[in-house]
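In what follows, a structure is listed as structure tokens, so that the remarks can point back to it.
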Amino acid sequence: MPVFGETKPRKSCNEHCVEEVLKAIDKAQKRAGSKDECRNSCRESIDDLLNGQKKPKKNTIPFLLYCESCEPFKATGVTVFSHHSKEKKFACITSFIFRIKEFDGKCAVLELLTFKQCKKSKDPFKSHTKDHCSPCSQIDSESVENLFPTGICINVDLSCFCAVTCLPAVRL
């Protein structure tokens, strides 16, 4: 089993690496409550989530995934919201940011996370129809408090990913 923060060069992509990290995130989020000398973004986020408090202040570790081609994984999903007139409308969300909802060894259910854009609008997805070209274009200069769950979930085959980057633990 690889150790978090392991720096040995690998000749090929270890498909189980991402699965193991997501499994650890899933367990941590479910327990929300191991210090490890090895430090990387995922280990720090997991430790922060499990910081020993009886009632955790944080409950989610957002993360980014990278495909075998080393490209960041971007998902698109659709939800429905009620606008000012109570008319139901579609909102298309594209995101690089996810949280794990269910983990089943080789597969996972991921929820798309995004940022609130317009606090005065009743449309929490306003301005999210723009297509982000990179994770940084979606995340840069955004307030941590504005990250929120979309309710849009996707099923993924974890063997399709080679890397995972964790963001700091947050409360959603």
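The values are calculated or read from the model by the stated rules, or taken from the named source; none is laboratory data. None of these values were measured; they are calculated from a predicted model. Glycine also receives a Cβ, built like all others from the backbone with ideal geometry; neighbour counts cover every protein chain displayed. Ligands, DNA and RNA are excluded from the accessible area calculation, which covers all protein heavy atoms including side chains. Shrake-Rupley method; radii C 1.70, N 1.55, O 1.52, S 1.80 Å.
Taking every residue in the stretch 134-154 that is in a helix (DSSP H, G or I) and pairing it with any residue that is open to solvent by 40 Å² or more (accessible area, probe 1.4 Å) and of a type in the set (Lys, Arg), at least 6 positions away or on another chain, the pairs with Cβ-Cβ distances below 6 Å are ASN146/LYS116. In summary, THR76 fulfils each of the numbered conditions (1) open to solvent by 40 Å² or more (accessible area, probe 1.4 Å); (2) touching a helix residue (DSSP H, G or I) at 6+ places or on another chain (Cβ under 8 Å); (3) at pLDDT 85 or above with the single exception of condition (2). Within the stretch 54-67, the set of residues being surrounded by 11 or more Cβ atoms within 10 Å (Cβ to Cβ) and modelled with pLDDT under 85 comprises PRO56, LYS57. Could we say that ASP157 is at pLDDT below 90 and surrounded by fewer than 19 Cβ atoms within 10 Å (Cβ to Cβ) here? No; evaluated as a whole, the condition is false for this residue.
Of all residues in the stretch 63-100, those that are charged (D, E, K, R) and more than 22 Å from CYS162 (Cα to Cα) total 4.
Does the stretch 81-94 contain any residue that is open to solvent by less than 90 Å² (accessible area, probe 1.4 Å), under 24 Å from PRO168 (Cβ atoms), at pLDDT 85 or above and in contact with a strand residue (DSSP E or B) (Cβ under 6 Å, 6 or more places away or on another chain)? Yes, some residue in the stretch 81-94 is open to solvent by less than 90 Å² (accessible area, probe 1.4 Å), under 24 Å from PRO168 (Cβ atoms), at pLDDT 85 or above and in contact with a strand residue (DSSP E or B) (Cβ under 6 Å, 6 or more places away or on another chain).
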